[in-house]
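J.: Once you've had a glance at the structure underneath, I'll fire off some questions.
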Amino acid sequence: MLTFLLAAALVADQPIQIDLNGDHGRQVIVDREPGVYLGHVSTVLLADRKSILAVYPQGHGTGPIVMKRSDDAGLTWSERLPTPASWATSKETPTLFRMGTESLILFSGLHPIRAARSSDDGRTWSELEPIGDFGGIVAMGGVADLGGGRFATFFHDDGRFLHADGEATDTFTLYQTNSDDAGATWSPTREIWSGSDVHLCEPGVVVSPDGGTLALLLRENRRVKRSHAMLSRDGAATWSDPHELPNALTGDRHIAAYARDGRLVVTFRCMAPGDPWRGDWVAWVGAWDDLTPGGAEGGSGEPTYLVRLKDNLAGADCGYAGLEALPDGTLVATTYGAWSEGEQPFILSVRFTVRELDGLAAR
């Protein structure tokens, strides 16, 4: 049963809330193993614009990396695919990105950050190898394509993993490293923000519709303020000071994509204080301007939505998701969570379009 909470009519500048939790026709089980924790997911849409790769660890942010493939836009999934031996040694959640027409890269974090590469659209992969003598947490949280084979990647650390034998501090630092050769080699890290009053981390990348501005969407891990964003208008050379995002975007591990009509969709774990969906897997639908300082939520004239994709039944352990925008307008969101009472987390996809959300909200 669908539930619609027309919060926008009750509280100014709040999004319309749409609950898809019970709409099982939108849900596809990607992987499930009794008694085994299947965790933090990353996906990538392949060159044919219908095949999707998904990777995730057997464990909470650590453990052997599993890979599956869908050749029908996420409607069905393969058995677990063979992976290089070193993928069994992954220390953290894997992240998966495109680095060219058929080139892909998979990162695995802590110290040192390692990467595996595929030059044939994910059919074969190299072993995990260090990209430098540095490490970090949720590496890489985001990747920005700067054009011409140049990329910038982002991660954070709290003192434990940047160098070997580090120790935790009360300071979180965001780091950037660049590649000028489509991910073959990487520059030394540079610090782009550091602070202890708020703990900003897990940067997800969004580019503006005109391509001129990059945004990093940031989790606030001290839970004293809303999620934040930082902007760059010079191709990731410099970054603005962080600013708070609308309350509806407060959460963890933001992953973004544009719908076919240009609206921005961001999926994440909801962590807004007092929200009845706190700890659940959600998607926000709005406009780029909502991410900018002083941007009024819904200022584009289109309605803004907060959509519960799935009720997580065990605290706040879900929502590191993949999000793929298909040519027909379908958005395929994939993540892990405790979706059944008493079971370990497993991997689930939810499919929707923003036009469907418009219709549901109108009803």
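The values are calculated or read from the model by the stated rules, or taken from the named source; none is laboratory data. The structure presented is a predicted model; accordingly, all values stated were derived computationally and were not measured. Because the Cβ atoms are built from the backbone with ideal geometry, glycine has one as well, and the counts that use them run over all protein chains shown.
J.: It is to be established whether one or more residues within segment 83-95 are of a type in the set (Val, Ile, Thr), within 19 Å of residue 332 (Cα to Cα) and either surrounded by 14 or more Cβ atoms within 10 Å (Cβ to Cβ) or modelled with pLDDT of 95 or more (or both).
T.: yes
J.: Count, please, the residues in segment 250-293 that happen to be basic (Lys, Arg) and surrounded by fewer than 19 Cβ atoms within 10 Å (Cβ to Cβ).
T.: Selection size over segment 250-293: 2.
J.: Residues of segment 52-105 being in a loop (DSSP other than H, G, I, E, B) and among the β-branched types (Val, Ile, Thr), which ones?
T.: Once the filter is applied, which keeps residues that are in a loop (DSSP other than H, G, I, E, B) and among the β-branched types (Val, Ile, Thr), segment 52-105 yields 62, 76, 83, 93, 101.
J.: What residue, among those in segment 325-352 that are under 15 Å from residue 314 (Cβ atoms) and of a type in the set (D, E, K, R), is surrounded by the most Cβ atoms within 10 Å (Cβ to Cβ)?
T.: Among those that are under 15 Å from residue 314 (Cβ atoms) and of a type in the set (D, E, K, R), it is 343.
J.: So, one more: What is the residue count in segment 96-121 for residues that are among the aliphatic types (A, V, I, L, M) and modelled with pLDDT under 95?
T.: Residues in segment 96-121 being among the aliphatic types (A, V, I, L, M) and modelled with pLDDT under 95: 1 in total.
J.: Then there's this: Look at residue 285 and say whether it is β-branched (Val, Ile, Thr), more than 30 Å from residue 34 (Cα to Cα) and either in a loop (DSSP other than H, G, I, E, B) or at pLDDT 95 or above (or both).
T.: Yes.
J.: Sort out which residues of segment 156-189 are more than 16 Å from residue 235 (Cα to Cα), touching a Ser or Thr at 6+ places or on another chain (Cβ under 6 Å) and of a type in the set (S, T, N, Q), and write them in order of number.
T.: Answer for segment 156-189, where residues must be more than 16 Å from residue 235 (Cα to Cα), touching a Ser or Thr at 6+ places or on another chain (Cβ under 6 Å) and of a type in the set (S, T, N, Q): 171, 173, 189.
J.: Which of the following residues is more than 23 Å from residue 206 (Cβ to Cβ) and surrounded by fewer than 18 Cβ atoms within 10 Å (Cβ to Cβ): 148, 132, 122?
T.: On the way: 148 fails: more than 23 Å from residue 206 (Cβ to Cβ); 122 fails: surrounded by fewer than 18 Cβ atoms within 10 Å (Cβ to Cβ).
After ruling out the rest, the residue left standing is 132.
J.: Among the residues that make up segment 294-305, is at least one of them surrounded by fewer than 19 Cβ atoms within 10 Å (Cβ to Cβ), over 23 Å from residue 246 (Cβ atoms) and of a type outside the set (Ser, Thr, Tyr)?
T.: Taking every residue of segment 294-305 in turn, none turns out to be surrounded by fewer than 19 Cβ atoms within 10 Å (Cβ to Cβ), over 23 Å from residue 246 (Cβ atoms) and of a type outside the set (Ser, Thr, Tyr).
J.: If you check residue 355 against the conditions, is it charged (D, E, K, R), closer than 23 Å to residue 16 by Cβ and either buried (at least 18 other Cβ atoms within 10 Å of the Cβ) or in contact with a strand residue (DSSP E or B) (Cβ under 8 Å, 6 or more places away or on another chain) (or both)?
T.: No: the conditions fail for residue 355.
J.: For segment 299-320, state whether one or more residues are within 14 Å of residue 40 (Cβ to Cβ), touching a residue at least 60 places away in the same chain (Cβ under 8 Å) and among the acidic types (Asp, Glu).
T.: Yes, segment 299-320 contains at least one residue that is within 14 Å of residue 40 (Cβ to Cβ), touching a residue at least 60 places away in the same chain (Cβ under 8 Å) and among the acidic types (Asp, Glu).
J.: Taking only segment 15-27 into account, find how many residues are of a type outside the set (D, E, K, R), within 12 Å of residue 352 (Cβ to Cβ) and touching a strand residue (DSSP E or B) at 6+ places or on another chain (Cβ under 8 Å).
T.: The qualifying residues number 3.
J.: Any idea how many residues of segment 140-162 are assigned to a loop (DSSP other than H, G, I, E, B) and touching a Phe, Trp or Tyr at 6+ places or on another chain (Cβ under 7 Å)?
T.: Summing the residues that are assigned to a loop (DSSP other than H, G, I, E, B) and touching a Phe, Trp or Tyr at 6+ places or on another chain (Cβ under 7 Å) in segment 140-162 gives 2.
J.: I need the full set of residues from segment 106-116 which are part of a strand (DSSP E or B) and within 22 Å of residue 335 (Cβ to Cβ), in order please. I'd like the intermediate steps shown before the answer.
T.: Step one: list which residues in segment 106-116 are part of a strand (DSSP E or B), which gives 106-108, 110, 114-116.
Correct list: 106, 107, 108, 110, 116.
J.: May I ask you to list the residues in segment 30-54 that are aliphatic (A, V, I, L, M) and within 19 Å of the chain's Cα centre (by Cα)?
T.: Going through segment 30-54, the residues aliphatic (A, V, I, L, M) turn out to be 30, 36, 38, 41, 44-47, 52-54.
The answer is 30, 38, 41, 44, 45, 46, 52, 53, 54.
J.: For a quick check of your reading: which strands (runs of 3 or more DSSP E) sit entirely within segment 178-235 and have at least 1 residues that are out of contact with any Cys (no Cβ under 6 Å at 6 or more places or on another chain), surrounded by 19 or more Cβ atoms within 10 Å (Cβ to Cβ) and free of Cβ contacts under 8 Å to residues at least 24 places away in the same chain?
T.: On the way: elements: 190-195, 200-207, 214-220, 228-232.
By residue number, 228-232.
J.: Also, quick follow-up: Taking segment 305-326, which residues are in a loop (DSSP other than H, G, I, E, B) and either modelled with pLDDT under 95 or under 22 Å from residue 344 (Cβ atoms) (or both)?
T.: 311, 312, 313, 314, 315, 316, 317, 318, 319, 320, 321, listed by residue number.
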